[in-house]
Structures are given as structure tokens and as C-alpha cells.
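The next block holds one structure in the form of C-alpha cells; read it before the comments.
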Amino acid sequence: MHIYKLVFDTEAQGKQVLIDRNVWQEVTEEGVASMQYVNGTRAVVYMGKVVKTPATYDPDGHERTPPIYYDGVAYDMMSLDLIDLDSYRVYPNGSAAHQFYGYKRSDEN
């Protein structure tokens, strides 16, 4: 199993790259569009913006400082296929925001 932790400039760019790499495709059934895994894809998780520094709050729950986010938006993907996504990969070395069940946070196969 190959696990990919990916960062794109925008959600739309990520979706299009994954479509172009035959990871998933848009399917319309009975007028409802959805994304469907293709080939060896087993999971695609849209992570969105990932927090670099959490917000801080006063004792009453009011935000003192806003959160700081990493650049771009993140997707995590699991596939049986080896896919050329190296230009979008990140390697969080065990500090990933997400892990797939049964796999370590540091898995980057």
C-alpha cells in the first residue's frame, strides 16, 4: 500500500491533479455528481488547511490570536498503485495531521 500526503495550492488544483493521475473520477448517477475511486485507489481524504500554530483564547473563550496555517491545502491518499505525485508530496515525519487506520503516522510508502 502506498500512502501519499499531498499539498496543493487550491482544493480545485488537487482535485484536478488526482483526476489527471487516474486516482478518482467524477461520476453522475441520477443527477447527483460524486467522486469515485479508480484503479488501485483505496482512500482520498481532503484535509483542507492544516494548522501550523493553533489559535489562543482568553479564559472567556474569546480568540486572542488567530491560528496560523501552512500554505496550500492538504489531501491524504492511499493506493495500491505507485503514482507520480512527488512534486506535491510532503513528508511530516510522524507529525502528520491524519493517519489511515492500521498504518503509522510516519508511513510514507
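The values are calculated or read from the model by the stated rules, or taken from the named source; none is laboratory data. Here the structure is a predicted model, which is why all the values come from computation and not from measurement. So basically every Cβ, Gly included, is an ideal-geometry build from the backbone, and we count neighbours across all protein chains shown.
For the list (1) in contact with an Asp or Glu (Cβ under 7 Å, 6 or more places away or on another chain); (2) at pLDDT 90 or above; (3) within 26 Å of TYR91 (Cα to Cα), I need the number of the one condition that TYR69 fails.
Tallying (1) in contact with an Asp or Glu (Cβ under 7 Å, 6 or more places away or on another chain); (2) at pLDDT 90 or above; (3) within 26 Å of TYR91 (Cα to Cα), TYR69 fails exactly one: (1).
All but one of (1) closer than 16 Å to LEU80 by Cα; (2) surrounded by 13 or more Cβ atoms within 10 Å (Cβ to Cβ) hold for GLN36, so report the exception by its number.
Of (1) closer than 16 Å to LEU80 by Cα; (2) surrounded by 13 or more Cβ atoms within 10 Å (Cβ to Cβ), only one is false for GLN36: (2).
Only one of GLY61, GLY40, GLY31, GLY14 is at pLDDT 90 or above and in contact with a Ser or Thr (Cβ under 6 Å, 6 or more places away or on another chain). Can you tell me which?
After ruling out the rest, the residue left standing is GLY40.
Across the range 64-87, what is the total count of residues that are among the hydroxyl-bearing types (Ser, Thr, Tyr), touching a Phe, Trp or Tyr at 6+ places or on another chain (Cβ under 7 Å) and without any contact (Cβ under 8 Å) to a residue 24 or more places away in the chain?
Residues that pass the stated criteria total 0.
The rows are residues; the columns are (1) hydrophobic (A, V, I, L, M, F, W, C); (2) surrounded by 12 or more Cβ atoms within 10 Å (Cβ to Cβ).
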residue	(1), (2)
ALA55	yes, no
PRO59	no, no
MET77	yes, yes
SER87	no, no
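Checking LYS49 against (1) farther than 12 Å from MET77 by Cβ; (2) under 11 Å from the mean Cα position of the chain (by Cα); (3) touching a residue at least 40 places away in the same chain (Cβ under 8 Å), which single condition isn't satisfied?
(3)
Going residue by residue through the range 36-46, is there one that turns out to be outside any strand (DSSP E or B), closer than 21 Å to PHE8 by Cβ and among the hydroxyl-bearing types (Ser, Thr, Tyr)?
Checked the range 36-46: no residue is outside any strand (DSSP E or B), closer than 21 Å to PHE8 by Cβ and among the hydroxyl-bearing types (Ser, Thr, Tyr).
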